[in-house]
1. Would you please list the contacts, defined by Cβ atoms under 7 Å and residues six or more apart or on different chains, that run from a residue in the stretch 279-303 that is free of Cβ contacts under 8 Å to residues at least 40 places away in the same chain and farther than 15 Å from ASP347 by Cα to a residue that is surrounded by 13 or more Cβ atoms within 10 Å (Cβ to Cβ) and aliphatic (A, V, I, L, M)?
2. If you take the residues of the stretch 378-419 that are among the polar types (S, T, N, Q), surrounded by 11 or more Cβ atoms within 10 Å (Cβ to Cβ) and modelled with pLDDT under 85, which of them is nearest to LYS251 (Cα to Cα)?
3. Hey, among the residues in the stretch 484-538 that are assigned to a loop (DSSP other than H, G, I, E, B) and within 43 Å of the chain's Cα centre (by Cα), which one's nearest to ILE585 (Cα to Cα)?
4. Among the numbered criteria (1) exposed (fewer than 12 other Cβ atoms within 10 Å of the Cβ); (2) basic (Lys, Arg); (3) part of a helix (DSSP H, G or I), which single criterion is violated by LYS426?
5. Any residue in the stretch 17-29 that is under 26 Å from GLU141 (Cα atoms), in contact with a Gly (Cβ under 6 Å, 6 or more places away or on another chain) and in a strand (DSSP E or B)?
6. Among all residue pairs at least 6 apart or on different chains, which show Cβ distances below 7 Å where the first residue, located in the stretch 102-113, is within 16 Å of ILE9 (Cβ to Cβ) and the second is in a loop (DSSP other than H, G, I, E, B) and small (Gly, Ala, Ser)?
7. Residue by residue through the stretch 92-132, note down the ones that are under 24 Å from MET1 (Cβ atoms) and in a loop (DSSP other than H, G, I, E, B).
Amino acid sequence: MKYINFQKIKIKNFLSVGNTPVEVSFNKGLHIITGINKDKEDRRNGVGKSTIADAIYFAVFGDTLRDLKKEHIINNINKKNCEVELEVTIQNYKKEIEKLKIIRTLEPSKCFVYVNDEDKTRDSITNTTSYIHKKFACTPEIFQNCVIMTINNTIPFMAKKKQEKRKFIEDIFNLSVFSDMLNLLKTDVNEKKKTFDIETTKYDEGIKTLTAFEKQKNEAIHERERKHNKYLQRQKDNEKELYEISEKLKKFKNIDTEATKKNINLLLEADKKIDADIEKERQIRANKLAQVQQLNKQHTSIGTDEDVCHVCLRKIEEHDREHVESEKKELKKQMADLAKEIQDILDVESNLQEKSNKIEHKVVELRTCIHQYELDQQQKQNLILRAKQVQGWQQMLEQDIKDLEVSTQSVDKSLDDQKDKIAQIKHQIEIIKNELNMLDIVKFVVSEEGVKSYVVKKILKLFNSKLAYYLKKMDANCLVTFNEYFEEEIIDNKSKPCSYFNFSGAERKNIDLACLFTFMDMRRLQGDICFNFSVYDELFDSSLDERGVELVINILKERVEKYKECIMVISHRKESIKAATGEIIFLEKSNGITTRVDFIESTP
């Protein structure tokens, strides 16, 4: 048996707790956690009483009972330096005692664990949490139902689904090993069956292959001759193709492409110069045309007004008219000369353009020659690659002809190998059959009807008697028993079978508490771990009447004395403090911050 004894917890900036730490020691006795909320006119709700239970759960599992997001766990006023420190001692099966300290923080998020003051923190929060879980050897479900009981915030055991109840009881009794064994066994059986099917398929395929080999042997001799003739013909065809390729390769000629490219560049340079000359002549021609237009404009304007000179605007006399006619003739002569010069320029441009066209034609011709040469080279390369391919085929044909000589020997060897392979597969199938038969026997042993049923029947006698004991202690008006399949039967005070939901809220609470105390006892007796500590959240504030509360208090006090337990009850009812045999942990909330203060009897 492993004993885990909670020693002390220190809480800082966790939920409603602020910078001033709240410390709680886990001493023997029935302790009451209560308080007052000064932010709501001296109300006792919303003080932060459940924060202690949440902090314990957070230290162990890295989460809260209410499954809050990390940003909602940190105190919403200070918003940083959230820290929970939990100290426990663990006595193992050899009665060796370890001192364990767990420190969890948020903003920043870290987790530290110390064993006998030696740092055992792992490389990540996840791995450190896994290490802590191994130390506590307890699932979150067991912890919530056997250590921290949030009576009004969780689904009662009797209201859970059948599969959930079954799993929980198996965990309490440490019977999950049978389910794990059965699951592993099912996996083994499925794997064996798959292997059996595979080997059977291999055997069938082996027989088919053997038949094929025998048929192949009968055809091998005739097939060898046919293939031999075919390979010889292929060799002749390949030799013919190689000769043709060789002849084609002789026809290819080499040219100096570099020299041709240089010629192209020279021609392009010359063409560029001609283009410049053409552009120069065009510019001259444009100037000449502009002069012609100017002269033509002057010629047109002379003599348009017979009475006034177009230059000096004075009246034209008779002797001036001869001068005007002479000037018009001179302008015509100048325009004729310019027209001749323009024609000469056009002739020069035409000659230059003709030269440019010839050069461009030559460039195209040379480039076509290079392009054709490159195509020829590609074709030549293709022929060379084809020749290599054909030569490779020739080598393969030579090997194929050699292989034909030993083909019948290969078939004989394949036949012998296949017979040996079939014999091995058949032997493997027999082994798998025997293993499947043994697994069927083991499957029955670990099944519900096997050893597990036998063990459960033995345990259930004690379980049902414990449950009856607590139902009687709670003055319940029914009897609840479980069978080996963990199916409950409820008999009311009139000896009639009924459902859990036939009872009132208070009556169901009696059943829930009786189950709760029974599970805690069975966990202590049948489990491999024992806790010195338990928390009951709002146990006295539920649907229990005064008599029910009195009966529960008696049970809790009995457990304190019998098991030396530290029991803490979270309550907002004033009268609950009368039940305390230990400390009154009094919390006060003011300005949104929860602190622990000394309890004074006269405190309202």
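The values are calculated or read from the model by the stated rules, or taken from the named source; none is laboratory data. All values reported here derive from a predicted model rather than from experimental measurement. Note: ideal-geometry Cβ built from the backbone for every residue, glycine included; neighbour counts use all protein chains shown.
1. Note: pairs meeting the criteria are ASN296/MET335; GLN298/LEU331; HIS299/LEU331; ILE302/VAL324; GLY303/VAL324.
2. The selected residue is SER407.
3. Within the stretch 484-538, the first condition is being assigned to a loop (DSSP other than H, G, I, E, B), and the residues that meet it are 484-487, 493-496, 499, 503-504, 527-528, 532, 538.
After this cut, where a residue has to be within 43 Å of the chain's Cα centre (by Cα) as well, the list is 484-487, 527-528, 532, 538.
On the way: GLU484: 43, TYR485: 43, PHE486: 39, GLU487: 40, GLY527: 31, ASP528: 31, ASN532: 18, GLU538: 14 Å.
So, considering only residues that are assigned to a loop (DSSP other than H, G, I, E, B) and within 43 Å of the chain's Cα centre (by Cα), the one nearest to ILE585 (Cα to Cα) is GLU538.
4. Evaluating LYS426 over (1) exposed (fewer than 12 other Cβ atoms within 10 Å of the Cβ); (2) basic (Lys, Arg); (3) part of a helix (DSSP H, G or I) leaves (1) as the failure.
5. Among the residues of the stretch 17-29, at least one is under 26 Å from GLU141 (Cα atoms), in contact with a Gly (Cβ under 6 Å, 6 or more places away or on another chain) and in a strand (DSSP E or B), which makes the answer yes.
6. What qualifies is ARG104/GLY62; CYS111/GLY62.
7. Matches in the stretch 92-132: ASN92, TYR93, LYS94, LYS95, GLU96, ASN116, LYS120.
Okay, residues lined up against (1) closer than 30 Å to LYS362 by Cβ; (2) in contact with a Leu (Cβ under 8 Å, 6 or more places away or on another chain):
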position: LYS217; (1), (2): no, yes
position: ALA220; (1), (2): no, no
position: ARG234; (1), (2): no, yes
position: ASP237; (1), (2): no, no
position: LEU242; (1), (2): no, no
position: LYS253; (1), (2): yes, no
position: GLN293; (1), (2): no, no
position: SER301; (1), (2): no, no
